[in-house]
Amino acid sequence: MRDHQLTATMQPEPLTIAGILEHGSTWNATSRVWTLRAPDRVEETTFAEVGVLARRLAAGLAGLGIRPGDAVGSYMWNTVEHLAAYLAVPSMGAVLHTANIRLSAEQNRYAVNLTGDRVLIVDADLLPDIVAQLPGLETVEAVVVNGDADLRPIERLGKRAIALAQVLAESTGELAWPDVDERAAASVCFTTGTTGNPKGVVYSHRSTWLHSLSLGTMNALRLGADDRAMIVVPMFHANAWGYPFAAFWSGADMVLPGRFIQPAVLVDLIERFGVNFANGVPTVWNDVLRYLEADPGHDISTLDRLVVGGAAAPLSLIERFEDRHGVHVVQGWGMTESSPLVSVARPPRGASGDQRLGYLATQGRVLPGVRIRLVNPDTGTVLPADGIAVGELELRGPWIAGSYLLEDAREEKFHDGWLRTGDVGTLDPMGYVRLTDRAKDVIKSGGEWISTVALENLLSAHPDVAEVAVIGVPDARWDERPCVLVVGRPGTEVDPEGLRNWLSGQVVRWWLPERWSAVPEIPRTSVGKIDKKLLRSRYAQGALDVMVLEPQPRVASGS
């Protein structure tokens, strides 16, 4: 009879980014990274060379005084040097803060000071931004510049300035990776701060390791050594959705477009390098579709998977890529606080036709490792996952934030240990998420909810609509009503009556908007989402030219 308890016999190997770096540079040594330096100039680097670059960078930063626990900021585009920083800084026990280039100067100063960045690594073309902000960057001691630039303005402000090329040339690359607790901080990203200061999310080595492992699985994005991935989503936002770590670990070649994300450039890169996997926000890929339609002589047949996120992908985008170019559009859902991947829209086995398209238009099925529930935002009551009940999605898991940097887990964002996503939608019995709106954007009209996302998706399928946004605006009778802002396709005129007729029969009658505005462009946040806060402000200030149609009669609730 056994008189002792069994204990695990597995090795306690820590889950750290140094392990990702060493595996990728050793066993995927011949995989390659192409960095676009200019539209007509590309540089190639092998993963083995990236490993050397990362070790030299780490030793060079140590020479500048960086020690484990210190914060190093990056203010950079998608380049091989940024990839090296992704791997080197956490591996040396320091913390990488990927400063968001698209935050305002005031927001960036707040983020840098809160994180306590001692060194900033900056791309040369972005240096003027940093020089202007430098007097307010209280903790920054040195600026390392990637590329050719005049360093004297930095020195005149009392900070040390040094070229990255010099740091690497003077570095021996001989720095032993320290023993790092897998729960220690590895990197920091900030939310976009559309309401107040941005909030810091601090990822651990363990959370990054597990998120990267999940990302490559069959239920997720299937990223592996046979892939050539073009990483369009910015590396200064939400870990570039985790792709740099996952691709380096799995051996997927990477194409990094730098600051050049114009449609013509992206299409050229797909053709030139045989890209079969790409990603980015729907706005970018809508622009690519329009470019291909205007110049149909291009061949993007190597592109197999296109992962979109950051905003809901209209079904029209999914159908046009599949029908016209044979590209499978895969929608993902997540946020900065979730590392970011939570769910991926892969149809279940046996789904076909309209049913398959319906699943592709969802935000996807929750990934193993993430716990998810649907909650009534007013009462906190957990709602059934029946695909019918509408509520706010809440999350838990090893790569889900439990608080913000130097902030308590406040009830408005964290509920009983769960992350409140702020996204409103349904959850079905198989774990598929279908978002109907952001909690702050949903329209409450006469006591009933109207989904701005649903209206946007339907209108975006109209052949005369290039872009569309729907916001809730005050209404004397119904409290709120939808206002539609439309960017027309070239050569067309926005016809509000015709567009409302297009919606008629697709939505209940009382959803049909009365207020319409033709606009030259839809403003976006730093991560490509529609800036509805700004649009609501413009409406309130009377800065939009709004046409008001005769309202449709509301016979009864739901009719």
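Every number in this text was worked out from the coordinates using simple rules, so none of it is lab data. This is a predicted model, so every value here is computed, not measured. Positions of Cβ are generated from backbone atoms using ideal geometry, with glycine treated the same way; all protein chains shown enter the neighbour counts.
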extent check for segment 409-489: Cα max minus min per principal axis, descending, whole Å, gives 46, 35, 23
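Filter the GluC sites (Glu not before Pro) in segment 119-185 down to the DSSP loop ones having no more than 11 other Cβ atoms within 10 Å, then list what survives. Intermediate values should be presented prior to the final figure.
On the way: sites: 138, 141, 155, 170, 174, 182; in loops: 138, 141, 170, 174, 182.
Hits after loop and neighbour filter: 138, 174.
If you average the sequence gap of Cα pairs under 8 Å that are 6 or more apart and divide by the length of segment 76-152, what percent do you get for the contact order? Kindly include the intermediate steps, with their values, before the conclusion.
On the way: 67 pairs, mean separation 22.9, N = 77.
30 percent.
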Using alpha carbon positions and the Kirkwood radius, the Rg to Rh ratio of the chain is 0.98
Residue-ordered couplings for segment 63-72, obtained by feeding phi - 60° into the Karplus form 6.51 cos²θ - 1.76 cosθ + 1.60 and rounding to whole Hz (Gly and Pro as x), are x, 8, x, 6, 10, x, x, 6, 9, 10
Diffing segment 345-362: the Karplus 3J(HN,Hα) column from phi (6.51, -1.76, 1.60, θ = phi - 60°), in whole Hz with x for Gly and Pro, holds 8, 10, x, x, 4, x, 6, 8, x, 5, 5, 4, 4, x, 6, 4, 7, 7
Between the alpha carbon centres of segment 4-56 and segment 344-389 the gap in Å comes to 34
If one compares the long axis through the Cα atoms of helix 205-215 with the longest principal axis of the Cα atoms of the chain, the angle in degrees, nearest 10, works out at 50
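Of all DSSP beta bridges in segment 443-548, what percent run antiparallel (nearest 5)?
Details: 16 of 21 bridges.
Just about 75 percent of them are antiparallel.
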Amide H contacts under 5 Å for residue 422, restricted to residues at least 5 apart in sequence or on another chain and with H modeled in the peptide plane, are 393
Exposure proxy check on 23, 97: fewest-to-most Cβ neighbours within 10 Å is 23, 97
Cα extents of segment 404-559 per principal axis, largest first, Å, are 50, 37, 35
Links exceeding 32 Å between C-alpha atoms in this model, out of 159/533; 444/529; 159/532; 159/199; 159/413, come to 159/533; 159/532; 159/413
Along segment 316-332, Karplus-curve 3J(HN,Hα) (6.51, -1.76, 1.60; θ = phi - 60°) to the nearest Hz, with x for Gly and Pro, reads 4, 5, 4, 5, 5, 5, 5, 6, 9, 10, x, 9, 7, 8, 10, 8, x
